[in-house]
Amino acid sequence: MALYLVLHSPNDDERADVLQPTRLLDMARDAEQGTSRPRWISTFSPDLHDDRIFSLWEAAEGDDVLAALERYGFLNNMSAQPIRVQQWGPADVLATDHQARE
């Protein structure tokens, strides 16, 4: 499975119709039980002046994430852009053979 960082941005349209609420609790339960594919890992919220949010998912394809967001009601008022990412940090850099290049 690959990791996907998803940028969620509020839709600009002000729709007058009443929308179903998101199924956040169901999505959290499914993620914790390990029964959902793709799997929601976590969400990050910027400061109070930024309405965007970022979520991290484990999925085979970005379209799988979009389908899950649709199923749980998260595309009603926000757009989502999944971006495939690889997670790495200082330990990964130090584990590579950089001395051969120096």
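Can you tell me which residues in region 46-69 are within 16 Å of Leu24 (Cβ to Cβ) and in a helix (DSSP H, G or I)?
Applying the first criterion (within 16 Å of Leu24 (Cβ to Cβ)) to region 46-69 yields 53-57, 65, 68-69.
Selection gives Val65, Ala68, Leu69.
Each row is one residue, and each column tells you yes or no for (1) of a type outside the set (S, T, N, Q); (2) touching a residue at least 24 places away in the same chain (Cβ under 8 Å); (3) at positive phi.
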residue	(1), (2), (3)
Ser55	no, yes, no
Ala59	yes, yes, no
Leu69	yes, yes, no
Ser79	no, yes, no
Arg84	yes, yes, no
Trp88	yes, no, no
Asp92	yes, no, no
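Please give the number of the condition Met27 fails out of (1) at pLDDT 90 or above; (2) under 16 Å from Val6 (Cα atoms); (3) in a helix (DSSP H, G or I).
Among (1) at pLDDT 90 or above; (2) under 16 Å from Val6 (Cα atoms); (3) in a helix (DSSP H, G or I), Met27 violates only (1).
Condition (residue is in a loop (DSSP other than H, G, I, E, B), free of Cβ contacts under 8 Å to residues at least 40 places away in the same chain and in contact with a helix residue (DSSP H, G or I) (Cβ under 8 Å, 6 or more places away or on another chain)) applied to region 38-45: is it met by at least one residue? Step through it out loud before you land on a result.
Restricting attention to region 38-45, the residues satisfying the condition of being in a loop (DSSP other than H, G, I, E, B) are 38, 45.
Filter once more, keeping what is free of Cβ contacts under 8 Å to residues at least 40 places away in the same chain: 38, 45.
Applying the additional criterion that residues be in contact with a helix residue (DSSP H, G or I) (Cβ under 8 Å, 6 or more places away or on another chain) yields 38.
The answer is yes, given that some residue of region 38-45 is in a loop (DSSP other than H, G, I, E, B), free of Cβ contacts under 8 Å to residues at least 40 places away in the same chain and in contact with a helix residue (DSSP H, G or I) (Cβ under 8 Å, 6 or more places away or on another chain).
Just to be sure before I move on: is Trp40 within 13 Å of Leu3 (Cα to Cα), out of contact with any Lys or Arg (no Cβ under 9 Å at 6 or more places or on another chain) and among the hydrophobic types (A, V, I, L, M, F, W, C) in the structure I sent? It would help to see each step written out before you state the result.
Numbers: within 13 Å of Leu3 (Cα to Cα): yes; out of contact with any Lys or Arg (no Cβ under 9 Å at 6 or more places or on another chain): yes; among the hydrophobic types (A, V, I, L, M, F, W, C): yes.
When the stated conditions are applied, Trp40 passes them.
What are the residues in region 72-93 that are modelled with pLDDT under 90 and out of contact with any Lys or Arg (no Cβ under 6 Å at 6 or more places or on another chain), if any?
Phe74, Leu75, Asn76, Asn77, Met78, Asp92, Val93
Filter region 64-94 down to the residues that are acidic (Asp, Glu) and over 12 Å from the mean Cα position of the chain (by Cα), then identify the one that is farthest from Pro10 (Cα to Cα).
Filtering region 64-94 down to residues acidic (Asp, Glu) leaves 64, 70, 92.
Retained after the next criterion (residues that are over 12 Å from the mean Cα position of the chain (by Cα)): 70, 92.
On the way: Glu70: 15, Asp92: 35 Å.
Out of the qualifying residues, it is Asp92.
Identify the residue in region 34-76 that is among the hydroxyl-bearing types (Ser, Thr, Tyr) and in contact with a strand residue (DSSP E or B) (Cβ under 8 Å, 6 or more places away or on another chain) and, among all such residues, is surrounded by the fewest Cβ atoms within 10 Å (Cβ to Cβ).
Filtering region 34-76 for residues among the hydroxyl-bearing types (Ser, Thr, Tyr) gives 35-36, 42-43, 45, 55, 72.
Then keep just the ones that are in contact with a strand residue (DSSP E or B) (Cβ under 8 Å, 6 or more places away or on another chain); that gives 42-43, 45, 55.
Working: Ser42: 9, Thr43: 13, Ser45: 12, Ser55: 20.
Here the answer is Ser42.
The values are calculated or read from the model by the stated rules, or taken from the named source; none is laboratory data. Given the structure is predicted, the values throughout are model-derived calculations rather than measurements. FYI the Cβ positions are ideal-geometry reconstructions off the backbone, even for glycines, and counts take in every protein chain you see.
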